[in-house]
Amino acid sequence: MKKLLIAFLLLTTANAGAMQNIKLGTLEINPQVSVQQSYDSNIYLTRTKPLSANINRTGLGVNLLNKIGSRLDLKGAYTAEFLSYSRSTNINNATHHLASLGVEARLPKSTTFILDDKYMQTTDQATSELTARALRVQNTAGAGLEAPLRGKFGFNLAAQHTYHNYLAAVNNLLDRQEMLSGADLTFKVQPKTKLVLGFRYGTMSYKLASADNGDAFYNNWDLGLTGNIAPKLVGTIKAGVQYRRYEKSLNQAADKINTGGYSAQLLWKPAELTEVILYGKRGNVETSYGDNRFYTSNTGDITLSRQVHKLKAGLGFNYEAIAYPEITALTGKKRLDTNTNMRATAEYDMRKWLKAGVGYMYKNRTTNEKDFKYHDNIVSVELKGMF
């Protein structure tokens with residue numbers, strides 16, 4: 001299978017110059033093919049006796065776009081990733097499926113309606129708390145309506161449903177459904193900048209009776225800016241609070257939780273061909289660790305990239321502090337984790353449709369519970385065709 005996929009890559013890229021975007025009437029078809037070979041020094045993310053492996057990740061995908069007149073866009077995408085490990089292949093080898101569908105309708109009076117669905121079946125960890133790879137399915141469906149209200153005011157209506165299903169029994173305590181619905185009130189403070197006041201009502205429902213003490217409902221309030229935040233700085237920045245209440249009690253755990261949070265997704269261009277991407281978030285993440293029904297994650301990430309002719313070089317750093325609210329019975333203390341990630345990348349445009357890349361990543365976890373400590377080094381090379 002691997003040799004067949006590599007042969008397909010070479011055959012497809014050889015003809016890509018003539019292909020570029022494939023069009024069938026109003027339908028645009030954009031295939032993508034990639035092959036990545038990496039070395040991972042600690043594939044099981046363990047503290048003692050780490051085991052290494054060479055990993056081949058081959059991806060085949062396609063993006064679809066159909067513009068029907070000036071008011072309706074239909075979008076779709078599918079990617080299959082084939083993972084092949086040099087160690088314990090019967091356990092580690094896997095196939096990932098990623099798919100999405102979307103509709104955007106531009107209605108009269110500057111009103112926009114969006115409907116989308118994202119599906120994935122992967123062996124990646126669902127949260128940074130976990131280290132073991134877990135076969136799981138996640139589907140997120142959402143709908144939104146955006147329209148002006150009066151003068152500089154506008155509003156958004158939004159609803160989202162997320163389904164989590166762990167296909168391995170060891171993780172199925174996290175099987176659940178989440179529902180969010182609410183609205184945003186916007187005010188245009190500048191032509192390309194909006195002030196946003198948002199409210200979301202959420203529900204959490206666990207599948208197993210043994211895990212239903214995590215069933216909850218909550219209210220999220222946010223205030224923030226979106227658009228041009230400052231000269232050469234665009235994105236969204238928000239701060240808010242979550243009021244959560246659990247339907248059932250769990251030992252000494254609190255049934256009412258109030259948590260302050262924030263989020264930021266910003267792009268800064270200090271100079272031509274130079275980009276800085278900033279990301280930050282504080283919020284609660286579901287867990288089944290001991291008597292903890294959630295943990296609070298504080299995450300910060302920065303990526304710097306510079307384009308020099310056909311070469312794009314990048315550096316990145318990620319830091320996450322994780323705090324659990326409940327004392328662990330075995331240790332008599334609350335678990336505290338710190339995850340650090342440093343990375344360096346280089347990407348070279350061989351053709352408009354073909355890119356080659358190399359990368360290095362270092363991952364490290366420190367914690368007050370020694371069994372969860374680890375460090376990991378990953379080196380990779382990649383070839384990607386986008387037609």
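The values are calculated or read from the model by the stated rules, or taken from the named source; none is laboratory data. Just so it is clear, the structure is predicted and the values come from calculations on it, not from any experiment. A quick note on method: Cβ atoms are made from the backbone with ideal geometry, for glycine too, and the neighbour counts reach across all protein chains shown.
The set of residues in segment 279-318 being of a type outside the set (D, E, K, R), farther than 20 Å from G214 by Cβ and within 16 Å of the chain's Cα centre (by Cα) consists of Y279, G280, N298, T299, G300, I302, T303, N318.
Only a single criterion out of (1) in contact (Cβ under 8 Å) with a residue 40 or more places away in the chain; (2) under 27 Å from N339 (Cα atoms); (3) surrounded by fewer than 14 Cβ atoms within 10 Å (Cβ to Cβ); (4) not polar (S, T, N, Q) is not satisfied by I68, namely (2).
D175: at negative phi, surrounded by fewer than 16 Cβ atoms within 10 Å (Cβ to Cβ) and of a type in the set (D, E, K, R), yes or no? So D175 does not fit the description; no. Among the residues of this structure, L273 does not count as one that is more than 30 Å from K370 (Cβ to Cβ) and surrounded by 14 or more Cβ atoms within 10 Å (Cβ to Cβ).
For segment 4-48, a residue qualifies if it is among the basic types (K, R) and modelled with pLDDT of 90 or more, and exactly one does: R47. So, F82, is that one modelled with pLDDT of 95 or more, among the aromatic types (F, W, Y), farther than 27 Å from H161 by Cα and in a strand (DSSP E or B) or not? So F82 passes the test. Only one entry in T186, T236, T203, T193 is among the β-branched types (V, I, T) and under 23 Å from F294 (Cβ atoms), namely T203. Of the listed requirements (1) out of contact with any Pro (no Cβ under 9 Å at 6 or more places or on another chain); (2) surrounded by 13 or more Cβ atoms within 10 Å (Cβ to Cβ); (3) outside any strand (DSSP E or B), N292 misses just one: (1). Residues of segment 341-357 that are out of contact with any Leu (no Cβ under 9 Å at 6 or more places or on another chain) and either more than 26 Å from T299 (Cβ to Cβ) or among the small types (G, A, S) (or both): R351, K352, W353. Residues considered: T236, T186. Of these, the only one that is surrounded by fewer than 18 Cβ atoms within 10 Å (Cβ to Cβ) and in a strand (DSSP E or B) is T236.
For the structure I just gave you, tell me whether R351 is surrounded by 16 or more Cβ atoms within 10 Å (Cβ to Cβ) and either of a type in the set (K, R) or at pLDDT 95 or above (or both). It is false that R351 is surrounded by 16 or more Cβ atoms within 10 Å (Cβ to Cβ) and either of a type in the set (K, R) or at pLDDT 95 or above (or both). Would you confirm whether any residue within segment 47-67 is charged (D, E, K, R), more than 30 Å from A105 (Cβ to Cβ) and outside any strand (DSSP E or B)? There is at least one residue in segment 47-67 that is charged (D, E, K, R), more than 30 Å from A105 (Cβ to Cβ) and outside any strand (DSSP E or B). Determine if segment 263-270 includes at least one residue that is under 27 Å from R150 (Cα atoms) and in a strand (DSSP E or B). Within segment 263-270, not a single residue is under 27 Å from R150 (Cα atoms) and in a strand (DSSP E or B).
The residue that is surrounded by the fewest Cβ atoms within 10 Å (Cβ to Cβ), among those in segment 326-345 that are more than 20 Å from the chain's Cα centre (by Cα) and among the polar types (S, T, N, Q), is T331. When R293 is tested against (1) touching a Lys or Arg at 6+ places or on another chain (Cβ under 9 Å); (2) under 16 Å from Q252 (Cβ atoms); (3) in contact (Cβ under 8 Å) with a residue 60 or more places away in the chain, just one condition goes unmet, and that condition is (1).
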